[in-house]
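The next block holds one structure in the form of C-alpha cells; read it before the comments.
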2 protein chains.
Amino acid sequence: MKEIIAEIIAIGDEILFGQITNTNVQFISSQLDTIGISTISQVAVSDLGSEITKALDYALLRADIVLITGGLGPTKDDLTKYTLANYFDSELEINNEALAHITNLVESRGRQMNELNRLQALQPVKATYIKNEVGTAPAMWFQTTEGKVVIAMPGVPFEMKYLMENSLIPKIKETFTSKPIVHYYVKTIGIAESTLAIKIEDWENSLPSNVKLAYLPSYGQVRLRLTSVADESQEVTYSLLEAKVKEILPTIGKYIYHLGTDIEFEQIIAQRLITNNLTLGLAESCTGGALASLFTAMAGSSQYFIGGTIPYHPSLKVSFLGVNQSTLDTYGVVSEETAIEMASGAAKNMNANIGIATTGVAGPTTGEYGKGVGTVCIGLWINGNTYAQTFNLMNVRETNIRLACIMALNMLRIKMDELKLV
Amino acid sequence: MKEIIAEIIAIGDEILFGQITNTNVQFISSQLDTIGISTISQVAVSDLGSEITKALDYALLRADIVLITGGLGPTKDDLTKYTLANYFDSELEINNEALAHITNLVESRGRQMNELNRLQALQPVKATYIKNEVGTAPAMWFQTTEGKVVIAMPGVPFEMKYLMENSLIPKIKETFTSKPIVHYYVKTIGIAESTLAIKIEDWENSLPSNVKLAYLPSYGQVRLRLTSVADESQEVTYSLLEAKVKEILPTIGKYIYHLGTDIEFEQIIAQRLITNNLTLGLAESCTGGALASLFTAMAGSSQYFIGGTIPYHPSLKVSFLGVNQSTLDTYGVVSEETAIEMASGAAKNMNANIGIATTGVAGPTTGEYGKGVGTVCIGLWINGNTYAQTFNLMNVRETNIRLACIMALNMLRIKMDELKLV
C-alpha cells in the first residue's frame, strides 16, 4: 500500500490580497488526515486561468489527488470550471440533474431562476458531477489518464465542508487506500517550549525513527504531537505512542492537562462539567463574552452552561452581580477581591455550581482603572469555595482576551483537580 | 516603476495536517497590499529541509520578495534557519545583540537561560539580523545576488505581526518602490450574488480594463471589490473607482450598507453609536456571547458598550431581563414577543439607549423550544421604540451564530437609518 499524497489549491484574489483567512485548506487537510492521506502542500493562487493551470501542473507532478476550492460561483470572476474544462480538453454541457437541483434550490428561496443560475448547471462532460445539496455550484471529479484525481469544489466554506464530509471523503476512500496516520497529543500548559524540550531531550532522542515529534506552542500552552503511520492497525500504533509517552509522565506530568486527542481546552472542561453534573455561570468583564462564546459554540452547551453576564460598565458589577461598591472603591475594578465577588455573584444569581469571573485591562490603553495593560484578575467560585489569581499577560488586546480565557479554564481545571471533580 | 511581486511560504506540519488555521499568510499579504506589493502565491509546506528548499526555488523563479514564516523555534523540528543558512551557503554564528536580547527576555520572565535559548542567537552571518522585541526568535533578511529578498520570521502570530508592522514593512518600503494598489468596496446585504451580478452586468462590462471587479459572498452579504493599480496618485485612482461606483447606486443602492473601505459591519455600527452618542446593552441567548465579543474585541468599546447578558437558561430571561413568565409560556422562548422583552429589559437594566436581543435555535438539534433549527428571533429596543424579526437561517450551528450576529447588526442599521441616527 503506497502513501497517498494530496495537494490543495485555493483560488481567489481575496486570499492573496490578505482579505480573508483561508480556513478551507485547513478543513480539507484535516479531513484527508483522518483517512490517512497526507497533504504535501497547500497553495493559494489568483483567479486567473493561467495561474490555476500553472498550480495544477505543479501539483500533478507529485500529488495523487489535487483538491481545488473556489472560483465556481456564477459571476465573471469565477473561472475554475472553464479553466479545468480547457485543461482536460472537455466540452461543457448543461447537466440536467444539476439544473433541476439548482432550480429547486433557487425557487425554494422564493427567487426566480436567472441566466447565471442556469449557467451553474453547465458542467464539463469529462467530469463526474457531484451534487451540492446546500448550494448552487456543483463539485467536479476529474480522473487523469495516470489514475490521478482532480476535484473542484466551491469556495463557500459551509458548502465545501458539506461536500467533503458527505460526498468527497467517501468517494476518495473508495478510490484510494492508504495506511492510517496516527497522532497522539500531549497537551501542556505553564511550561515554556524550550524548557520542555530540554526536560524531554533524552526521551526525544530515543524515539523510533518512524515517530515524528512536533512542538506546537500557542497561547500559554505547548502541545506535543507524536505522529506515526500505522503499519499494522491504528490501535496498535496508538498504543505504541501512548506507551512511549508514559515514559515522560514523571518528568513533565504536572504540566499536562490532556493526553491522546487534540480536543480543545473548553471541550475538556465541558466534558468534566457534564460528568460531574455541574453547572456554570460567567461574569466576563475583560473577556467581554469570549469565554461564553467558547462554550456556546459547542453543541449541547445548555447541559451545563446556565448563562453569563458581561458587566462592562462597573455599575453592572454591582447591579447584576451584587459586587459591593465598597469593594470596587477600596480594591479597584481590576482586583482579585472584585473578581471573587463577581464570580460568587454569577454563581449565586444564576443558581450555578461554578462561577468564573474575569476583570482586567485588555488594552491597548490602560483605561481608568490604574492597572497596566495585560493585568487580568480571574475569580472562581466552586460550590462555595473561592479562589482568585492575577495574571500579567501581553500588550495586544486580542491576545489578552484569548489568554485570559485560557487562564480561566486552566484555573478551573486545577481547582477541579484539587476538589477531585475529575 | 515595475510591479513588485511577493510569495509567502508558511512552514509547519501542523498546517498540512489541518491542525491550525494559517492566519499568518493572510496578515502578511494584507500588509504587503497596503504598500502596493502583490502576493502571487501563498504556499504551505512541511518542515522538512528539502520541502523548504523546493518551495524557495520555485518562489524565487517569479517573486521579488519571499516571506517565510515558521520553523524558527528552539526545538529539533525547527529547521528553517539551518535550511536557509545552507541555501545561502552561510556560516552560523552567535549574534551578540540577539544573545543579549534573548537573555534579557528570558530572565525578565523569571527563568534561567538554557542551551536552547542560547541557540536561538545563532544566526546566519549572511543574513541581516532583525530584532524580535516580543520573542526569542529573531527574523532574518537575506539578499540574493539578483537583488531579491528572502525574509524568515517566526510563526507565532503575534511575534510575526509585531515584526511585520514594526521592522519588516518599513524595511521593505525602503528597499522596493511599487505603485499603490487601490481597492474600493461596495458592501451589500440582502441580495444574492447572481441577482446582483445580473443587475449590474452592463456596468460590469463597461469597466475599464485596468479595473478588476470581484464578488465576495459571505454570511448573507456580498462585497464587491474594485481593484486598480494607481498609475497617478492613490487619491486619483480612488476617486475614479468611486465615480464608477456612483453609476450603480440607483440600481442596487438599497442593498448597500457601506462604500469605500472594507471595514467590518460591527465597526460601522460602533462608529455610528459613538457619533450619535448612543449606548448599547445586549441580551444574547442563541448567539451566546458572540455578538458581545464582536464589540468588545474592538479597542474603545467601553465608549458605547455598557454590557451584556447571556440568559441561556430561560429562567434568566425573567430574572436578569424582566421578561414576563407569561410571555415565555404563551409565545415561547423563541418568539418575537420574547425577543422584544429581552431587548427592552437589556436596555432598561443597563441604562442603555439601545437593547439588542437574540433568541433562537442554533442547532444542531431543535431542543425543547418547538422551533426548527435556524429559527432566530431578534428584538430591538431603541429609545423606547421596539422592533422584532424572525429569520430562518441554516442548519449549521456555527453558521447560525455568525449569521444571527450579522442579522442583528443589520436590523439595528436599518432602524437607525429610519430614525435618522446616521
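The values are calculated or read from the model by the stated rules, or taken from the named source; none is laboratory data. Everything numeric here is computed off the predicted structure, so don't read it as measured data. So basically every Cβ, Gly included, is an ideal-geometry build from the backbone, and we count neighbours across all protein chains shown. These accessible areas exclude ligands, DNA and RNA; they are computed on the full protein's heavy atoms, side chains included. Shrake-Rupley method; radii C 1.70, N 1.55, O 1.52, S 1.80 Å.
Things worth noting here:
- Members of the range B:102-131 found to be among the basic types (Lys, Arg) and outside any helix (DSSP H, G or I), listed by number: B:Arg109, B:Arg111, B:Lys126, B:Lys131
- Pairing residues of the range B:311-324 that are away from chain A (no Cβ under 12 Å) with residues that are open to solvent by less than 10 Å² (accessible area, probe 1.4 Å) and assigned to a helix (DSSP H, G or I), at Cβ distances under 8 Å and at least 6 apart in sequence or on separate chains, gives B:Gly322/B:Gly345; B:Val323/B:Lys317; B:Val323/B:Thr338; B:Val323/B:Met342; B:Val323/B:Gly345.
- Within the range A:130-159, residues that are on the phi < 0 side of the Ramachandran plot sit with their Cβ atoms under 6 Å from residues that are of a type in the set (Phe, Trp, Tyr), at 6+ positions apart or across chains, in these pairs: A:Ile130/A:Trp141; A:Val134/A:Tyr162; A:Pro138/A:Tyr129; A:Phe142/A:Phe88; A:Val150/A:Phe142; A:Ile151/A:Trp141.
- Taking helices (runs of 4 or more DSSP H) as the structural unit, those lying wholly within the range B:9-101 and holding at least 1 residues that are within 12 Å of chain A (Cβ to nearest Cβ), in contact with a helix residue (DSSP H, G or I) (Cβ under 8 Å, 6 or more places away or on another chain) and open to solvent by 20 Å² or more (accessible area, probe 1.4 Å) correspond to B:23-34, B:49-60.
- Taken together, the criteria exclude A:Asn210 from residues that are open to solvent by 30 Å² or more (accessible area, probe 1.4 Å), at positive phi, more than 14 Å from chain B (Cβ to nearest Cβ) and of a type outside the set (Asp, Glu).
- Taking the criterion of being within 9 Å of chain B (Cβ to nearest Cβ) and closer than 17 Å to A:Phe27 by Cα, the residues of the range A:161-192 that qualify are A:Lys161, A:Tyr162, A:Ile181, A:His183.
- Subset of the range B:219-238 that is of a type in the set (D, E, K, R) and closer than 30 Å to B:Ile401 by Cα - its residue that is nearest to the chain's Cα centre (by Cα): B:Arg223
- The residues listed here are B:Gly372, B:Gly360; of these, the one that is touching a helix residue (DSSP H, G or I) at 6+ places or on another chain (Cβ under 7 Å) and of a type in the set (Gly, Ala, Ser) is B:Gly360.
- Whichever residue in the range A:260-291 is over 18 Å from the mean Cα position of the chain (by Cα) and of a type in the set (A, V, I, L, M, F, W, C) and, among such residues, is surrounded by the fewest Cβ atoms within 10 Å (Cβ to Cβ): A:Ile274
- Listing of helices (runs of 4 or more DSSP H) fully contained in the range A:138-202 that carry 1 or more residues being closer than 16 Å to A:Ala6 by Cβ and at pLDDT below 95: A:169-175
- Those strands (runs of 3 or more DSSP E) of the range B:329-397 in which at least 1 residues are within 13 Å of chain A (Cβ to nearest Cβ), considering only elements entirely within it, cover B:354-360, B:385-392.
- Every listed requirement among (1) open to solvent by less than 60 Å² (accessible area, probe 1.4 Å); (2) under 30 Å from the mean Cα position of the chain (by Cα) is met by A:Gln389 save one, (1).
- Residue check for B:Gly190: open to solvent by 20 Å² or more (accessible area, probe 1.4 Å), touching a residue at least 40 places away in the same chain (Cβ under 8 Å) and not aromatic (Phe, Trp, Tyr): yes
- Sole exception among (1) in contact with a strand residue (DSSP E or B) (Cβ under 8 Å, 6 or more places away or on another chain); (2) within 12 Å of chain B (Cβ to nearest Cβ) for A:Glu201, by number: (1)
- Only one of the numbered conditions (1) β-branched (Val, Ile, Thr); (2) surrounded by 15 or more Cβ atoms within 10 Å (Cβ to Cβ); (3) away from every other protein chain (no Cβ under 12 Å) is violated by A:Val125, and that is (2).
- The set of residues in the range A:108-122 being more than 34 Å from the chain's Cα centre (by Cα) and open to solvent by 90 Å² or more (accessible area, probe 1.4 Å) consists of A:Gln112, A:Glu115, A:Arg118.
- When residues of the range A:128-145 are limited to those that are touching a His at 6+ places or on another chain (Cβ under 9 Å) and open to solvent by 20 Å² or more (accessible area, probe 1.4 Å), the one farthest from A:Val156 (Cα to Cα): A:Lys131
- Any chance B:Thr287 is within 14 Å of chain A (Cβ to nearest Cβ) and in contact (Cβ under 8 Å) with a residue 40 or more places away in the chain: yes
- Selection count where residues are aliphatic (A, V, I, L, M) and over 19 Å from B:Asn395 (Cβ atoms), scope the range A:104-138: 8
- Residues that are touching a Leu at 6+ places or on another chain (Cβ under 8 Å) and open to solvent by 40 Å² or more (accessible area, probe 1.4 Å), drawn from the range A:341-375: A:Glu341, A:Asn349, A:Asn353
- The range A:17-34: number of residues that are modelled with pLDDT under 95 and more than 30 Å from A:Glu235 (Cβ to Cβ): 7
- Residue in the range A:234-245 that is least open to solvent (accessible area, probe 1.4 Å), counting only those that are in contact (Cβ under 8 Å) with a residue 40 or more places away in the chain and more than 15 Å from A:Ser206 (Cα to Cα): A:Thr237
- Among the helices (runs of 4 or more DSSP H) confined to the range A:227-306, the ones with at least 3 residues that are out of contact with any helix residue (DSSP H, G or I) (no Cβ under 8 Å at 6 or more places or on another chain) are located at A:234-246, A:265-275.
- In the set (1) polar (S, T, N, Q); (2) open to solvent by 30 Å² or more (accessible area, probe 1.4 Å); (3) more than 9 Å from chain B (Cβ to nearest Cβ); (4) within 18 Å of B:Arg109 (Cβ to Cβ), the condition left unmet by A:Thr195 is number (3).
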